[in-house]
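All remarks here apply to the structure that follows.
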Amino acid sequence: MSNELTDYLDPKVLAKITRLDLQARLVVEGFVSGMHRSPFNGFSVEFASHREYVPGDDIKHIDWKVQAKTDRYYIKQYEEETNLKATFLVDASESMHYQGTGPGQRLSKYRYAAAAAASLAFLLLQQQDAVGLGVFDEQLKTYIPASGHPNQIKSFVHALATNKPQAKTSIELICHSLAEKISRRGMVCLVSDLLTDMDGLMRGLEHFRHYGHEVMVLHIMDEDELTFPFQGNTMFQGLEDTGRLLIEPRALREGYLESMERFCRDVQRRCVSSRIDYKRISTADHLDAAILAFLAARSAANRKAGSKR
Amino acid sequence: MSFVSPMIFWIGLGAVSIPIIIHLLNRRRFRVRQWAAMQFLLDSLRRNRRRLRIEELILMALRCLALFLLALAISRFTGCGDHDLMPGSDQAAETTVFILDDSFSMGQKLGAPTIFENAVNDIVTHVERLHENAKADQIAIVLTSKPGADDVFQSLMSVGGKEEIDRLIGRLKTLTLSDSPSRLGEALITADELLANEENPRNVFVYSDFRAVDLSRGKAGIHQVQFKALRDQGISVVTLDYGRPVASNLTIEKIELLDKWALAGVQTHIGVTVRNNTTVRLKDVPISLEAKWRVDDKEVSAVFPAETISVLAGESSARVEFKVVLPRQGAAALTARVPSDHLAGDDNGYLAIDVRKVLRVLIVDGHPDMTDVTLNESYRLALLMDPNLNADHGTEVTIVETQAIGAQNFSKYDLVLLLDVAKLPSELSDDGKVIYPTLSALEQYVRDGGGLCIFTGESLDLPFYNGPMYAEGKGLSPLVISPPRGDMAAKQKYRRIDARSISDDPFLKTLRGEGGAVRCAMVRFYAFTPSNPLTKSAPGGDIKPPRVVAKFTTPDGGDGPPAMVVRQFGKGTAMMIYSTASTRWNDWADDEPETAYSAPTLDIMMHLARSQAEEYTRRVGDTITHTITRDFRDATLTLRTPNLAADGVITLKPVDETTDTLTRRVVKYDNPARGGVYRMTLKMPDGSLSDLFFARNVDPAEGDLTPGGRAMIVKALGSEDFKYVSRLTAGSAADVQTKEQKEYWVIFLAGLLGLLAIETLLAQRFGHHTKD
């Protein structure tokens, strides 16, 4: 189990990303505690204890009664500080098995996706949020409901490690079934190469959006898929039974990159129009840098949204 | 379309398929890669399929074209420009010399006509065109077989006159090939002389097969010097090359009499050497042999069984030996033949020989009337060569006394023996000097190939032998001699032939005792004529220094005096034996050690006797010379050349050739330019006829038809500053007009580089090459 943790949770990555937080930009169901606003006003949580105010704490949490008695500032602490439930959907289809050939030891897309999901889950757990996991290919292979228990990360990582990419992708159906499973609104993060039917994908994601979930898409692509650097006659054998093709890669490179770029743009456009966060990540990127960039972009977007409100 | 190296072009043309083959092979060589994003690849392929195919085709075509250009450049395409080479194409009047190669090799067949006929047709076409566009043009025609001849062809004539041109063309059409080699260098000299003073634009057209052997032989540099002289004068030179490699050509390289004489009824050996001029190995090449005589003014022939060369490798020669019995005596012409091929003329070889009934020997006996006839000098020798004195042993011996020698016609004999002859007759000349006409005749006889053997004895007139006979080392007596020495009366003391001193000449084999013969070392020489081997001889010309081939022993075992001396004297051989031919000074001729006498003596006599191997058979062009003997002094002489019609008989006029001491009547024919058998007929006033044959064979090098091509012409002329037209195939002479030989390899190379640049650019543009 500890090996699995180190496989998917790189201390360097964690050290960097814990400096930031993962904020839900949408109003999620739960308490207004911690960093997440609750849509249910008047719902109380159980008091736990007081602690002394330190600069930076929101003054609205100061217990003025205690201040009046003791002339000191204390903050009320509650049993549970969050109500965010984040569910990570990790694509374990055969196409995620692809591992690039470039310089350095690159991870396969699946390993990279799993590491990214685990890192973000760790971050959320650190924030006292609950995380859940769905690993799927053409069916949902593993589902761990969201929980904020500290041991949740172990279950999370174990589930990622025990699943191997082998079958086709079918995101739409998975999304539909999970959307019905997850009762409370929360955050859904899809980590996939998105090599599937795009309309179905969007329908699935919009299903989550329909139930008020905040949806994020981490589009994991191998660097080879983004640059197509091959030379010499090559027989490309499609993963997920997509046929095979003997070509001179240099001759098709331009057209391929054009198609790929068009696809990525299309995905991004449709995500944006559905208010879904989209981030394309190459397996050649350092994971910490990629997550940091993603979190920074979300923070910026949150600030922007906050200022508008 | 022509090339300097056509083979390279054809190889290059084949190499054009290499890009296609590589393309096909590459389709079978690929890496396999698992790939996730197939949908984008398939999408790209669907959208670009047609473009990719077109790009591939464009690149492949460019690569094929690049190889094609490379082939054209390396094979040195000499293509065709649009310059009109035909005579008369210029607006101004021209002066043109046509050099026509009428050498033997031009007789090779190109289909039905020979390439010579094609060349003549081309000249006729060119002359007619000049005539049609006449602008005061002048022409001359030079034949390479006789470039310097004073001929109407070789004078400049105007092409304006219809009659003159018709006459010229008429003569051109009746031209026949000579059997002589090409003399292109001399023909260029003649052209140079003809054009030297002309002011019009001047051209020289050379119509030849330009064989490699012709271009590489001859005087070193003569072609280059003459070509440079022409170009320095601004004379344009156009070469029309009719040469081509042939599939088969056999040549009778040599036909020869392997024996010294041909005797009727006796087995005679005839050697025939055949050369295979191609690289193809031949098997079972049949060679036939036929002999012809003239009998009563009619032709009689004998055909001998054919011989076969079982294997004749390419570019090599092989000899077969015919063992034939010639049935008749008299002049005979032998013809050897190989199967007909591309060059028919050299398929026959000719040999003219005088088939004799017997070998004729003249013995001049210094002591013919001895009481004991066995002591006659000639007794033993005559008995040895003609035992029954009826010529039934193949030798006819005529014995004369010394006084009768003056009346002898030596040329009738094959061997003359002087046995202890005191001296030869002398006369007083008109200016009062003593002359020796018989000695002169004898010298001429030996010089012409006759054999002479002189035995000494006590009768020798030493002043004569050491005087005119020695002639300061240039005479028939090879060494200065001294008075006889020895115990000729008591016959007690003697010397022998020193076995160690006998030379290793083949004809002295039996004298040395080889082959089972009794060694001559057993013979006792009681007396001998001393001679001085240190005598300075002053030979010159065709007279070689004397050679001591045997010596007498000395009592002290030292170096003895010469016993036998031979000297090459012109074509013949003179030998002197310093003892008697009879038993008066030795026991050599005695009965006892007979085998020590007969075999060595016969060997020596046969060696000395006149050979007839090459007397009547020579090369084409070699003058036919015949000395008229006294018997035929009044005869009328006619000569029939091989290819002349019956009425084309040439009458020959004998002339007297006078040397210091001798006048000979000879007849000569200077122009035996045709290969074959020449028949000389001597008709006596009484109507009787006597025939002689002379054979003239074509130079066997003419059979080597390997074409030199443009490269060798350039080498021979030392320049590329001439126009070259290949006339490989028979066709219209009009073909010549638009072919200018100019090499375009620089253009093709530039094109190739440009093409490669375009290919690289396009390949990068198409994504087939990386840009870095």
#### Entry: Ordering of B:205-215, B:294-304 by packing [mean C-beta count within 10 Å, highest first]
B:205-215, B:294-304
### Query
Can you pull the mean other chain C-beta count within 10 Å for peptide B:44-57?
3
### Query
How large is the Kirkwood hydrodynamic radius of chain B, in angstrom, based on all distinct alpha carbon pairs?
32.4
### Task
Shielding by partners for A:222-231, please: the mean number of other protein chain Cβ atoms within 10 Å of each residue's Cβ.
2
### Query
Helix B:437-447 versus the longest principal axis of chain B: what is the Cα-based angle in degrees, 0 to 90, to the nearest 10?
40
## Note on the structure
Listed with the fewest Cβ neighbours within 10 Å leading, B:Trp745, B:Trp585, B:Trp10 appear as B:Trp10, B:Trp745, B:Trp585
### Message
Let me confirm one metric for peptide B:21-28, namely the mean number of other chain beta-carbon atoms within 10 Å of its residues' beta-carbons.
### Response
1
### Query
Taking only the alpha-carbon atoms of region B:151-239, what semi-axes of the equivalent ellipsoid follow from 5 times the gyration tensor eigenvalues under a square root, in whole Å, largest first?
24, 19, 10
### Task
Using per-residue counts of other Cβ atoms within 10 Å, averaged over each peptide, order B:703-716, B:423-436 from highest down.
B:703-716, B:423-436
### Task
Among DSSP beta bridges lying fully in the protein assembly as shown, give the percent that are antiparallel, nearest 5.
60
### Message
Of all beta bridges DSSP finds with both residues in chain B, what is the antiparallel percent, to the nearest 5?
### Response
65
### Query
What do you get for Rg/Rh of region B:359-608 when both radii come from the Cα atoms and Rh is the Kirkwood radius?
0.94
### Message
Based only on other Cβ atoms within 10 Å, what is the fewest-to-most ordering of B:Ser477, B:Ser17, A:Ser259?
### Response
B:Ser17, A:Ser259, B:Ser477
### Query
P(r) for the protein assembly as shown: what percent of alpha-carbon pairs falls in each 20 Å bin, starting at zero?
10, 22, 17, 13, 11, 11, 10, 5, 2, 0
## Note on the structure
When A:Ile62, A:Ile144 are ranked with the fewest other C-beta atoms within 10 Å first, the list becomes A:Ile62, A:Ile144
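Any read-out appearing in this document is the output of simple, stated calculations on the displayed coordinates, not a laboratory observation. For clarity, every value in this text was computed on a predicted model and none was experimentally measured. Quick reminder, even Gly has a Cβ in these numbers, built from the backbone with ideal geometry, and neighbours come from all protein chains shown.
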